[in-house]
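Here's the structure, in structure tokens; my notes come after.
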Amino acid sequence: SAEDKMVTAAYVISSFAMLFTVGRFIGGFINLKLGDRKTLILFSLFSLIAIIASRYFASQFVYLFMVFGFAMSVLFPTA
């Protein structure tokens, strides 16, 4: 039903935002250990893997979209 779709959409968007926030927090510590360049490369690869996986696992796109939020967390304000 339409209400179920709205609940699912709200869950997906809020999960994306939550993982984005967690990624920003964790990314700071990773950046301290690896440095700027390696951190950006790592999260770039992670986001690329999520995008490629979403092409092959379209039925799991909802979960991969959430993972993409985590992967983009470090890249978005920096890159």
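Any read-out appearing in this document is the output of simple, stated calculations on the displayed coordinates, not a laboratory observation. Since we're looking at a predicted model, the values are computed, not measured. Every residue, glycine among them, receives a Cβ derived from its backbone with ideal geometry; neighbour counts consider all protein chains shown.
The relative contact order of the chain, computed from alpha carbon pairs under 8 Å that lie at least 6 residues apart in sequence, is 47 percent. Taking the average, over residues, of other Cβ atoms within 10 Å as the packing measure, peptides 31-42, 64-75 rank 64-75, 31-42 from highest down.
Axis angle, to the nearest 10 degrees, between helix 36-56 and the longest C-alpha principal axis of the chain: 30 degrees.
Rg over Rh for the stretch 33-79 works out to 1.04, using Cα positions for both radii and the Kirkwood form for Rh.
Placing dummy labels 7 Å off each Cα toward the beta-carbon, the span from residue 51 to residue 26 is 2.1 nm. Note on residue 62 and residue 13: the extension gain reaches 16.7 nm, defined as 0.36 nm multiplied by sequence separation minus the Cα-Cα distance. Computed from the Kirkwood radius of its Cα pairs, the Stokes-Einstein diffusion coefficient for the chain at 37 °C and 0.692 mPa s stands at 249 µm²/s. Here the extension length gained between residue 5 and residue 41 equals 9.4 nm, from 0.36 nm per residue of separation less the Cα-Cα distance.
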